[in-house]
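One structure is given below, encoded as structure tokens.
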Amino acid sequence: MEPRLSLPGVWIPLRQEATIDKMIRPSILPQKICLPLQEKGNQIPLKPLVRPGSPVRKGQQVATPDKKESLPLFSPVWGEVVALEKSVLPWSTEPVDTIIIAPRKDEQLLPITIPKRDFSPQELRSLLFRLGVIDLDLELSGKEPPITLVINGCEVEPYLTSTERLLEEKTKEVVSGIEYLSRAVEAERAILVVSTENRGILEDLRDLIFSKKIELFLFPPRYPLDHPVLIRKVLGISEGKSIILELPKAVDSHEAITFRQPLTEVVVTVTGPALRNPQNIRARIGTMLGELVAQCDGFSIDPGMIIMGGPLRGQVIHTLEVPIMRNSRGFVFLPQRNPFLQTNCVFCGSCIDSCPQGLYPVFICEAVKSRNWGALKGLEPENCIFCGTCSYVCPAHIPHQKYLKKAKERRGS
Ligand code: SF4
Ligand code: SF4
């Protein structure tokens, strides 16, 4: 059913044409694998289980979480650990211990024996954790039944298409993964959210979820309607009784449970006008970005800006020496750096009209610039979800996020 209410967000050009219709390319064997022991968004490093000289096989666990706040890490190749060294990464201010593996050219394929049996919810959660897919116990902490599980298959970040491609090419696996996840968290409702742009696969999806107690919701491609805060708002579900997971997690869960294989590969969009041949690539975790760029036939023009993630919520990086991580979704290569020059606010009100959280970004920025901290109280910057919509619509190209971050810090959230 398509929501008809007044929806938050703005229409923005998605610029997905370069990759939206291209099949996902299979992973190649990279020249080296770099597995940092600290992932983005996680402060506690993993402990290595291997040392230089250790032979490793594909799927072997090579690092373990110290506390249950991150997931175990696995080798995506057969090979040998050649170093355990510090590496500089865009998501950490300190160098991070990294396992370097030299892959063997002759990959061995071992027969997979899969004993078929039904798992209890607790066993499913434990298996998904041990195979490095997701920590559902952490997701469930602080939540109260009845739980609604939402799988977010709506991708409205410009340029990125890995979620759409997975939905189209792995539709059965998505549905199977939702069933596993739903059982694992003992969900009363399971909802799949997809974009109205995915009309091509809706018939298949409807057939597949028919009789499976999975509800299908269509969201128009308005940015940032794929943000968990807004998904909950539109669906009318509370945070304390719901879990929202990105669609690739459903595919990963299906593969992990069905084949008892740990997570060693992810699908990433490598795209942007500076690339010769943008692609969605199934990449082994630990592959360096530079190798994926080579798979896209390199650059047609110099990239002035490299963005890890999408242009609205991603992070600008300055190197191709970045490994693909478990949570990587895409990289965008733009031809120019900062094509827009900041000018003065013209008080057009566009940032206010477009804010999905109903905030007054221009006034928050003014309060921060003038250090009028008292004014922040009524402006509620703590409710900002850092979607970047206000900056996107601003004709003066004011970098609101810089001020919003400061305002949020001042409000102690
Ligand atoms: S103020 Fe925050 S929530 Fe509102 S549009 Fe700007 S970044 Fe998004
Ligand atoms: S959109 Fe930009 S120019 Fe318009 S009011 Fe907001 S900050 Fe000022």
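Miscellaneous remarks
- Segment residue 301-residue 122, extension gain: residue separation times 0.36 nm, minus the distance between their alpha carbons: 59.3 nm
- Placing unit charges on the Cβ atoms of the charged side chains and taking the dipole of the chain about its Cα centre, the candidate lying farthest along the positive direction among 315, 98, 374 is 374.
- Cut-off 10 Å between beta-carbons: net charge of the residues surrounding residue 79, Lys and Arg +1, Asp and Glu -1: +3
- Given R0 = 35 Å, the distance between the Cβ atoms of residue 282 and residue 88 translates into a calculated FRET efficiency of 0.85.
- Based on C-alpha pairs under 8 angstrom that are at least 6 apart in sequence, the chain has a relative contact order of 17 percent.
- Overall form of the stretch 350-410 per C-alpha gyration tensor (a/c, 1.5; a/b vs b/c): prolate
- The modelled label-to-label distance between residue 238 and residue 61, using points 7 Å beyond Cα along the C-beta direction, is 3.7 nm.
- Hypothetical label at residue 345: residues of the stretch 391-413 whose amide nitrogen lies under 16 Å (7 Å Cα-Cβ projection): 391-408
- The helix-only estimate of mean residue ellipticity at 222 nm for the chain, built from DSSP H runs of length n ≥ 4 each weighted as -39500 (n - 2.57), is -7000 deg cm²/dmol after division by the residue total.
- Summing +1 for each Lys or Arg and -1 for each Asp or Glu among the other residues whose beta-carbon sits under 14 angstrom from that of residue 90 gives -2.
- Listed residue (196, 37, 352) projecting farthest to the positive dipole end of the chain, Cβ model: 37
- This model, with +1 at the C-beta of Lys and Arg and -1 at the C-beta of Asp and Glu, gives the stretch 350-410 a dipole about its Cα centre of some 300 debye.
Values quoted throughout were computed directly from the atomic coordinates according to the rules given, and no laboratory measurement underlies them. Since the structure is predicted, the reported quantities are computational estimates derived from the model, not experimental observations. Please note: Cβ atoms are built from the backbone with ideal geometry, for glycine as well, and neighbour counts cover all protein chains shown.
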